[in-house]
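Chemist: One structure, as structure tokens, below. Some questions next.
The values are calculated or read from the model by the stated rules, or taken from the named source; none is laboratory data. Because the structure is predicted, anything quoted here is derived from the model rather than measured. Cβ atoms come from the backbone with ideal geometry, glycine included; neighbour counts cover every protein chain shown. Heavy atoms of the whole protein, side chains included, go into the accessibility calculation; ligands, DNA and RNA do not. Shrake-Rupley method; radii C 1.70, N 1.55, O 1.52, S 1.80 Å.
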Amino acid sequence: MADDFERMWAELAPIGRSSASGGYFRQPFLGAETELRAWFGEQVAARGLEVEADGVGNVVAWWDPVGVGAAAPALLTGSHLDSVLDGGAYDGPLGVVSALAALDLLRSRGVRPQRRIGVSVFAEEEGSRFGLACLGSRLATGALSWADAQELRDRDGVFLGDALASVGLPGATEGGLLDLSGVGTFVELHVEQGRDLVDRGAAVGVASEIWPHGRYRFDLTGEANHAGTTRMEDRADPMLTYAMTALAANKQARLSGSRATFGRVEVEPNGTNAVPSRVTAWLDARCASDAELADLVAVVTRQASERAERDGTALVVTAESVSVSVAFDASLARSVAVDHAGGDWPVIPTEAGHDAGILSAAGIPTAMLFVRNPTGVSHSPAESAELPDCLVGVSALADTLERLAR
Ligand code: HGY
Ligand code: MN
Ligand code: MN
């Protein structure tokens, strides 16, 4: 099992890696992610699994040794292969590689599950290209319609349908969407994106809930003008409105124990010697409850509007995606976490979004396993996990699947 995991991990390591930063650029439906997708195809073919793929890039590879078929609710496990821009190696791929390795482990143990087990890869989990997190799982669960998805464009204006076509994916009309109706339970293993497990001295943990979160686009418009000849009091500078808004968001999040981040900004015309005509900035906001999230965004929007008034700029705020809070099935989490040789696994909340949250919100009983991350850093090249912990994660996933498949 250790060999399988290490071999697969070594095969993935160079794909989409930046030699400058050591981070990964695995945006959906482009070179590196397409290579990862092909790699997954080879892995499942080598294991003799039956592949079910849809028109938008979601894939499930099924193992059904006793031929239960749809007679029993299926077990699904997996994650995603895409990354954020300059992301870490683990966010996503750890769950896919661990799922394959867990299946290998179950086979080597001679386990013959009484439920089909599928290894899944959901497309565009990060929303790094089309802006909407968990695009593939939202489509497959019906949380997002194909009609709405077809309106999405990437930063270069490429429509989702054209991006799919460029890698031979026909879209949902022709290629359909994964049918998740036969799935009884979903389990996603993921690298932890904080230091909770480090503090608890545990290699693996189980998720209790996901904080609600959303992405909001702030379009600020002003008036382009000369940086030298325009008196300071004569300007309508959207950069000032943006700067104050970023500070206000940070302050509000600190005051309320929430999270607010402006991680992406576009400036027009983006010249050193011109007052900008437009600033577009994206707020990622996360809170402990849906009501607190709505309040946080409302307060930041109000402060930004007041500042825009003073700056002579205009503001439009658009919610690009909002994910409500998710409480994972508590009895499932408990049944996964208890009665292990080394003691129970801790059950912990997370502020990060996952396909598991989308499937859970769609009514599929869902559990998540986290693997300790010594740096606690994620969405960065510094994201990490130690090999022994990854192997504990694989065993934990195999044990979980074995329990659930009984
Ligand atoms: O942005 C997120 O929470 C995630 O990691 N997809
Ligand atoms: Mn992520
Ligand atoms: Mn992830």
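Chemist: Answer yes if at least one residue in the stretch 349-361 is away from ligand 1 (no atom under 13 Å from the Cβ), in contact with a Gly (Cβ under 7 Å, 6 or more places away or on another chain) and open to solvent by less than 60 Å² (accessible area, probe 1.4 Å), and no otherwise.
Modeler: No - not one qualifying residue is present in the stretch 349-361.
This table checks each residue for (1) part of a helix (DSSP H, G or I); (2) within 28 Å of LEU85 (Cβ to Cβ); (3) of a type in the set (Ser, Thr, Tyr); (4) open to solvent by less than 50 Å² (accessible area, probe 1.4 Å).
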residue: ALA246; (1), (2), (3), (4): yes, yes, no, yes
residue: ALA253; (1), (2), (3), (4): yes, yes, no, yes
residue: ARG264; (1), (2), (3), (4): no, yes, no, no
residue: VAL267; (1), (2), (3), (4): no, yes, no, yes
residue: ALA281; (1), (2), (3), (4): no, yes, no, yes
residue: ALA291; (1), (2), (3), (4): yes, no, no, no
residue: VAL300; (1), (2), (3), (4): yes, yes, no, yes
residue: ARG307; (1), (2), (3), (4): yes, no, no, no
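Chemist: Mind checking which pairs have a first residue in the stretch 288-300 that is more than 19 Å from ALA246 (Cβ to Cβ) and a second that is outside any loop (DSSP other than H, G, I, E, B) and open to solvent by 20 Å² or more (accessible area, probe 1.4 Å), Cβ under 8 Å, 6 or more apart or different chains?
Modeler: Taking only residues 6 or more apart or on different chains, the pairs are GLU292/SER256.
Matching residues to (1) assigned to a strand (DSSP E or B); (2) assigned by TED's automatic domain parsing to the domain that holds GLU188; (3) over 26 Å from the mean Cα position of the chain (by Cα):
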position	(1), (2), (3)
VAL317	yes, no, no
SER331	no, yes, no
HIS340	no, yes, yes
ALA352	no, yes, no
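Chemist: Can you say whether THR280 is β-branched (Val, Ile, Thr) and over 17 Å from GLY214 (Cβ atoms), as far as the supplied structure shows?
Modeler: no
Matching residues to (1) small (Gly, Ala, Ser); (2) within 16 Å of ligand 1 (Cβ to nearest atom):
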| residue | (1), (2) |
| --- | --- |
| VAL275 | no, no |
| SER289 | yes, no |
| ARG310 | no, no |
| VAL322 | no, yes |
| ASP344 | no, no |
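Chemist: Surrounded by 14 or more Cβ atoms within 10 Å (Cβ to Cβ) and away from ligand 3 (no atom under 16 Å from the Cβ): does that describe ASP64?
Modeler: So ASP64 fits the description; yes.
Chemist: While we're on this one: Quick check on LEU220: is it within 26 Å of THR301 (Cα to Cα), aliphatic (A, V, I, L, M) and either in a strand (DSSP E or B) or not assigned by TED's automatic domain parsing to the domain that holds GLY55 (or both)?
Modeler: Spelling it out, LEU220 is indeed within 26 Å of THR301 (Cα to Cα), aliphatic (A, V, I, L, M) and either in a strand (DSSP E or B) or not assigned by TED's automatic domain parsing to the domain that holds GLY55 (or both).
Chemist: Inspect the stretch 203-222 for any residue being hydrophobic (A, V, I, L, M, F, W, C), away from ligand 3 (no atom under 16 Å from the Cβ), open to solvent by 40 Å² or more (accessible area, probe 1.4 Å) and more than 26 Å from THR375 (Cβ to Cβ) and give the result as yes or no.
Modeler: No, every residue in the stretch 203-222 fails to be hydrophobic (A, V, I, L, M, F, W, C), away from ligand 3 (no atom under 16 Å from the Cβ), open to solvent by 40 Å² or more (accessible area, probe 1.4 Å) and more than 26 Å from THR375 (Cβ to Cβ).
Chemist: Here are LEU139, LEU100, LEU94: which of them is under 26 Å from ALA10 (Cα atoms), assigned to a helix (DSSP H, G or I), more than 16 Å from ligand 2 (Cβ to nearest atom) and not hydroxyl-bearing (Ser, Thr, Tyr)?
Modeler: Of the residues listed, the single one that is under 26 Å from ALA10 (Cα atoms), assigned to a helix (DSSP H, G or I), more than 16 Å from ligand 2 (Cβ to nearest atom) and not hydroxyl-bearing (Ser, Thr, Tyr) is LEU100.
Chemist: Continuing with the same structure: ARG112 - would you say it is open to solvent by 10 Å² or more (accessible area, probe 1.4 Å), away from ligand 1 (no atom under 16 Å from the Cβ) and part of a loop (DSSP other than H, G, I, E, B)?
Modeler: It is true that ARG112 is open to solvent by 10 Å² or more (accessible area, probe 1.4 Å), away from ligand 1 (no atom under 16 Å from the Cβ) and part of a loop (DSSP other than H, G, I, E, B).
Chemist: Turning to a different aspect of this structure: Considering every residue within the stretch 150-163, establish whether at least one is within 14 Å of ligand 3 (Cβ to nearest atom) and among the small types (Gly, Ala, Ser).
Modeler: Within the stretch 150-163, not a single residue is within 14 Å of ligand 3 (Cβ to nearest atom) and among the small types (Gly, Ala, Ser).
Chemist: Right, another one. Residue under question is ALA285, and the condition is that it be part of a strand (DSSP E or B), touching a Ser or Thr at 6+ places or on another chain (Cβ under 8 Å) and closer than 30 Å to ALA367 by Cα; does it hold?
Modeler: Yes: the conditions hold for ALA285.
Chemist: Can you tell me how many residues in the stretch 81-138 are of a type in the set (Lys, Arg) and either within 10 Å of ligand 3 (Cβ to nearest atom) or not assigned by TED's automatic domain parsing to the domain that holds ILE15 (or both)?
Modeler: 0
Chemist: Continuing with this model, one more query. For the condition surrounded by 21 or more Cβ atoms within 10 Å (Cβ to Cβ) and either assigned to a helix (DSSP H, G or I) or of a type in the set (Ser, Thr, Tyr) (or both), what is the one hit in THR77, THR34?
Modeler: THR77
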